[in-house]
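The values are calculated or read from the model by the stated rules, or taken from the named source; none is laboratory data. Source: prediction; values computed, not measured. A quick note on method: Cβ atoms are made from the backbone with ideal geometry, for glycine too, and the neighbour counts reach across all protein chains shown. SASA here: full protein model, heavy atoms, side chains in, ligands and nucleic acids out. Shrake-Rupley method; radii C 1.70, N 1.55, O 1.52, S 1.80 Å.
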Amino acid sequence: MTNDLRNFRQPAGAAPMPAAVSRAALAATLGLAAACWVVSIWQMNGMDMGTATPLGTFGFFIAVWAAMMAAMMLPGAAPAVLRRAQAGGVRAVPLFVGSYLAIWALAGVAVYVVDRPHGTLVAGVVTIAAGIYEFTPVKQHYRRRCRETTGSGLGFGLCCAGSSAGLMAVLVALGVMSITWMVVITIIVLAQKLLPPIAAVDVLLALAITGLGVLIVVMPTAVPGLAPPM
């Protein structure tokens, strides 16, 4: 993230952004993400049952999901927040961040509608599909747009959701309340948002995800945490 922020360029013709504004926008974004990590870990403690994890009531799940998304997605959005602060001033940042997170909240509604406790076969198939998605031009298009878009938070959120859809499907399939998988997916999402695409690395990642899915289908006991402890 440091290199990406260091290489940040202001939009052409824009007035110089005071350093204090830049620091305030960045600190607020990362501070909110850190706070949401604390809240998420507290809320999710003891809830992970792998593929058999129940979602609970709608209100409870959305509250947990919203904290998770802020924790996972705000660090990678930091360069876009800085661009938005430059274009619209620091007052534009809350609306940008709020509408960005609203897209992820809507994704949570979709998860609540479709996800139910399921078996390892379903988890494996979803993971294989997510690995295949990483190869597609659609994924590459949205990843590029997620790295470049500055406009509204809604537009930025839609692009980033398209980029990370497969990875988030893996999280939901393997254990939506798993802190371990949450950390793993966060690292991958953050790297894909902040680092330029490298074909060899992208192919290896896609193959690794697909291979994980195959392993889950063939030998689910080889992947810890997929089933609740007996």
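Tabulated data for the structure shown
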quantity: Dipole in debye (nearest 20) - the stretch 84-230, about Cα centre, beta carbon charges: Lys, Arg +1; Asp, Glu -1; calculated: 400 debye
quantity: Pair-distance profile P(r), taking every C-alpha pair of the stretch 25-143, with 5 angstrom steps and integer %; calculated: 2, 10, 15, 18, 19, 17, 12, 5, 2, 0
quantity: Options Gly59, Leu121, Pro196, ranked by Cα towards positive dipole end of the chain, top entry (Cβ charges); calculated: Pro196
quantity: Kyte-Doolittle at least -0.5, axis length at least 30 Å by Cα - qualifying DSSP helices, the chain; calculated: 19-44, 58-88, 92-114
quantity: Spin-label model distance (nm) - Ala208 vs Phe60, 7 Å beyond Cα toward Cβ; calculated: 3.4 nm
quantity: With every protein chain in place, the chain: carbon and sulfur % of accessible area (1.4 Å); calculated: 73 percent
quantity: Accessible surface, the stretch 82-148, averaged per residue in Å² (probe 1.4 Å); calculated: 52 Å²
quantity: Relative contact order for the chain, counting Cα pairs under 8 Å that sit 6 or more residues apart, in percent; calculated: 28 percent
quantity: Sequence-separation-based contact order of the stretch 96-219, relative, with Cα cut under 8 Å and 6+ spacing, percent; calculated: 41 percent
quantity: Directionally averaged projected area (convex hull, Cα atoms, the chain), nm²; calculated: 12.5 nm²
quantity: Net lengthening on full extension, Ala20/Thr180 (0.36 nm per residue, minus Cα-Cα); calculated: 54.0 nm
quantity: Rotationally averaged projected area of the stretch 142-230 (alpha carbon convex hull; nm²); calculated: 6.5 nm²
quantity: Area of Met219 that stays accessible when all protein chains are in place (1.4 Å probe, Å², to 10); calculated: 100 Å²
quantity: Most mobile listed residue (Arg145, Arg116, Arg91) in the chain, GNM with C-alpha springs under 10 Å; calculated: Arg91
